[in-house]
Amino acid sequence: MTFDKGSLILLDYTARIKDNGEIFETTIEDDAKKSNLYDPTRKYEPRLISVGEGWVLKGLDEALTSTDVGQKLSIEISPDKGFGERDTSKVRMIPQRKLGEKANEIKVGDVVELDDRTGIIRYIGSGRVQIDYNHRLASRVLVYDVNVVKKVDTNDDKIKYLLKRRLPIDDEKAKFEFKDDTVVIELSEDISLLDGLQIIKKAVSSDIFKFVDGVSKITFQEVYLSQKPKETLPPASTANETATANETATTNETVTSDTSRYDTSLRSQSASKSENQK
């Protein structure tokens, strides 16, 4: 069985430069430890890919359409289907002083940002520097060792992995509920404080609307727990009194598939209880 365009799969892979074997990207912790890429703060796990949708290099994307779950293979990618051929017009020589206050601290191989472009320092001398704006893997033949771990079929799995694609959350923190045509997603306080969260929410919503059938509305709930210590209440306290000792504030934000209007409200459990008693 091969994958149709838009199929969601989990892919483990290690990518190397063919001529020297240098690993430049991997989802596998053991392989990362064999290179200079290892990051102990990162969780190494299979990556979510939508086959044929340009989420990976063209050469890899094309190869994945003819793979199957559990299949391990080595894919060679030529520059035209990788990071392109090296373009000499993207190499510039500029005065070193143009790099600003830290111009004298740079060295060959450093990556710099200049004029809203990212480049690599290739040469320094006589008050000038050469900056190469080509991708560092341009003109290189690449090899991807891949393993198709799983095809993501169920709605619950699709939502879980689409959330993890955009948000730094573990499985146990990916809390959501599917109710008829509505997906309710709960975000913990640490996630709620992320920079650019509104943009992330919009991207997550677009992904879910695209890949999960039958969804017409998505609600985000941002949960904030009180930092007050729990009070010791008298034995005669009722269940209602106990509920107010540790308040939870929740922000509800709803996105529908046919509108960009947001409806947001902030309430505490105790405030809500007071309203109900009136």
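The values are calculated or read from the model by the stated rules, or taken from the named source; none is laboratory data. This structure is a prediction, so every number in the text was calculated from the model and none was measured. For neighbour counting, all protein chains shown are included, and Cβ atoms are generated from backbone atoms with ideal geometry for every residue, glycine included. Side chains are part of the model used for accessible areas, which takes the heavy atoms of the whole protein and leaves out ligands, DNA and RNA. Shrake-Rupley method; radii C 1.70, N 1.55, O 1.52, S 1.80 Å.
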In segment 74-97, what residues are closer than 26 Å to Arg47 by Cβ and open to solvent by 50 Å² or more (accessible area, probe 1.4 Å)? Ser74, Glu76, Asp80, Lys81, Phe83
Go through segment 47-64 residue by residue and tally those that are open to solvent by 40 Å² or more (accessible area, probe 1.4 Å) and in contact with a Ser or Thr (Cβ under 6 Å, 6 or more places away or on another chain). 1
Between residues in segment 66-77 that are in contact (Cβ under 8 Å) with a residue 40 or more places away in the chain and assigned to a strand (DSSP E or B) and residues that are exposed (fewer than 11 other Cβ atoms within 10 Å of the Cβ) and among the acidic types (Asp, Glu), which pairs lie under 8 Å by C-beta distance while being six or more apart or on different chains? none
Would you mind stating whether Ala15 is of a type in the set (A, V, I, L, M), outside any strand (DSSP E or B) and more than 25 Å from Asp207 (Cα to Cα)? no
Yes/no for Thr67 being within 25 Å of the chain's Cα centre (by Cα), of a type in the set (Val, Ile, Thr) and either over 22 Å from Ala138 (Cα atoms) or exposed (fewer than 15 other Cβ atoms within 10 Å of the Cβ) (or both): yes
Is there any pair linking a residue in segment 184-206 that is within 15 Å of Leu162 (Cα to Cα) to one that is assigned to a helix (DSSP H, G or I), with Cβ under 6 Å and at least six apart or on different chains, and which? Ile200/Arg166; Ala203/Arg166; Val204/Arg166
Hey, could you check segment 129-172 for residues that are among the polar types (S, T, N, Q) and closer than 25 Å to Thr2 by Cβ and say which is most open to solvent (accessible area, probe 1.4 Å)? Thr154
Is it the case, given these coordinates, that Gly100 is part of a loop (DSSP other than H, G, I, E, B) and surrounded by fewer than 11 Cβ atoms within 10 Å (Cβ to Cβ)? no
